[in-house]
Structure formats: C-alpha cells, structure tokens
1. Express as a percent, rounded to the nearest 5, the fraction of DSSP beta bridges in the stretch 49-141 (both residues included) that run antiparallel.
2. Around residue 90, under 15 Å between beta carbons, what's the net of Lys plus Arg minus Asp minus Glu among the other residues?
3. Taking every DSSP beta bridge that has both residues in the chain, what percent is antiparallel when rounded to the nearest 5?
4. Bin all alpha-carbon pair distances of the chain at 10 Å intervals from 0 and give each bin's fraction as a whole percent.
5. Farthest toward the dipole's positive end in the chain, which of 174, 77, 48, given Cβ charges of +1 (Lys, Arg) and -1 (Asp, Glu) about the Cα centre?
6. Of the GluC sites (Glu not before Pro) in the stretch 210-273, which ones lie in a loop per DSSP and count no more than 14 other C-beta atoms within 10 Å?
7. With only Lys, Arg, Asp and Glu charged, each at its Cβ (+1 for the first two, -1 for the last two), find how big the charge dipole of the chain is about the Cα centre; round to the nearest 20 debye.
8. Once you sort the root eigenvalues of the Cα gyration tensor of the stretch 247-291 as a ≥ b ≥ c, which label holds: rounded (a/c under 1.5), prolate (a/b larger than b/c) or oblate (the other case)?
Amino acid sequence: MMKKMGNYKSRKDVVEKHYEWERHMKAGFVQLEPLFGEVDQNIEKAETLIDNADADLLVLPELFNTGYVFTAKEEVAELSEEIPQGKTTQALCRIAKKNDVYLVAGLAEKSGERYFNSAVIISPQGYVGTYRKIHLFFEEKLWFDPGNGPFEVYDIGPYKFGVMICFDWIFPESMRVMSLKGAHIICHSANLVLPFCQDAMKTRCLENRVFAVTSNRTGTESRNGRSLRFTGKSQITGPTAEVLYQAGPESEEAGVVAVDLSRAEDKQLNEYNNIFRDRRPEVYGILLNDR
Ligand code: ACM
C-alpha cells in the first residue's frame, strides 16, 4: 500500500512529492448521484468520498453540486455561483487543502448576466483556474453560454493535465489540442447519458497516447416531465487503450489508480511511427475552416 503524503510545506517536500509522482501518481474520480438543487448535501457527499480516497488528483462529475436537469433559466440563475467566490469553489479549496489533493470539479458558473457549464481546477494551495464547456449538449444550449477556450493545460509538478467536460469527448480535436500542448492526463468531468463514451475514450487515449479520467454521475433525474438516466461507469484509461479501472453503473465511489504518467511522453508507436511527428497538418486544412 502506498503511503498517504501529508501537506507539503517546504521546497524539499515539494521535490520529494514530485519524485514520488515520477514513479506513480494516484489519479482517479469521484462517482456520485447528486440531488438536484441540494448543493450543501452534494458537497458533503463529495467531501466524504474525497476524505476516504487516497489520491493526488481527483475528478468530480459535471455539475456535481447542482444536478443536471434544469427546467428554467431562473433555476440556473439561482444555483449558479461566481468563481472563485462561490461556496462550492471555496468548499473545494478547503477539501483540497485538507486532503493534499488536486481537484477538478464541474459546476454552474455565474459571470455577470451569463452562465457557463464550467469546471474548476483546484490545487492543495487553492483555486487555479476555470474551464468553460466548449461543446454544449442538448438543452444545455438553453441554459448556458459556450466557453470559447482555448483548451489549457495545467502544471502539476513534473506533469501536465488538461480539462474537458462531457460532450467535448465527441470532438477529437478537444483531446488532440490538449495532448499537443503537452498534457499527460485529461481530466474529463461528465454527466453521460449515451453509451458510447467509455469505449471511445480508449481510442481518444490511444490516438494521443495520454491517460484520461472520466468522472461520471449515476442515477435518474426526473423534473417537470423531463427525465435523464446517467450511466455511471466512470473510467480511468491508459495510453495504449487499456481500461485501468471502471466503476459500476450505479455505485457511489472514489476509484483511484497509481499511474506512471511519464508513459504519456512516449509517442513512438514502433521504430518508424511517431504519432505526433507523423501527423500531416498540411492536408488537414479543412479542420480549421468555419462551419
Ligand atoms: C453531456 O455533455 N452532459 C452529455
């Protein structure tokens, strides 16, 4: 069993922690069923699961604190929070510090009169940044503005991670951009309702030679005649398409795997093929055309 690393205070502690990560970093997800609108309860449930996980990096589902099935713009306005002042981001900062863990978590963001389906990036030292979902799914288009990117990568000691939210997976450009920017692992905060993503993530990881953590939610949310069933099966995927861990379809759990993220630096498929150097951007021009 690997030891739980305590809060690091000095440069020496940071160096030791990074040395530890060069051999294995404990990365994973929290899978849970949020109750719509019960923000305090949802944060409390996430905190219990995080407190009991032994991890360096944890991804929480999309909109983990509010639930997903909004039925009116007023609900979005009421439940969205400013980042980083809002209570969810503040609670996550406290939880990250307590557990000496990086967190990526989905929540509804209020910014002036606009709302975004966002994920916050939190380090053990506090708030780091926000990713606003770029590719909105279904009725999200009624409630949220799309983010305009760009897809960023965040330094985490010797490694980098990228962030995307749910439906971003169906656009291979999302993970490609973050991988070309040097991401070793993609933090994928999700509320999946279609059955395709978990299999697709094997290909996404293989074609970019990166790791990914997909954190999904569970349960059925029925509100005002609208009902969605979320599929669970949160997944940690490796750079050669291996499923390192998959949660059950209904369970509430933290799934954590020790990974050697340096494997994501090797883009060499065989002695002739390097999947990044072999790309031919000069024949991909249409990818940059407007719709
Ligand atoms: C999704 O993007 N929540 C399916």
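Read-outs throughout are calculated quantities, based only on the coordinates presented, and are distinct from any laboratory measurement. What you see is a predicted model; the values in this text were computed from it and never measured. Glycine also receives a Cβ, built like all others from the backbone with ideal geometry; neighbour counts cover every protein chain displayed.
1. Working: 15 of 19 bridges.
In the stretch 49-141, approximately 80 percent of DSSP beta bridges are antiparallel ones.
2. Details: positive: 87, 94, 97, 98, 110; negative: 40, 44, 47, 81, 82, 109.
Here the count lands on -1.
3. Working: 39 of 57 bridges.
Percentage antiparallel, nearest 5: 70.
4. Calculated over all Cα pairs of the chain, the distribution is 7, 30, 36, 20, 6, 0 percent.
5. 174
6. Details: sites: 221, 242, 250, 252, 253, 265, 271; in loops: 242, 250, 252, 271.
Of the GluC sites (Glu not before Pro), the ones in loops of the stretch 210-273 whose Cβ has at most 14 other Cβ atoms within 10 Å are 242, 250, 271.
7. Details: 36 positive and 42 negative charges, 117 e Å.
I would put it at about 560 debye.
8. Numbers: a/c = 4.08, a/b = 1.56, b/c = 2.61.
Because a/c hits 1.5 or more and a/b fails to exceed b/c, the stretch 247-291 counts as oblate.
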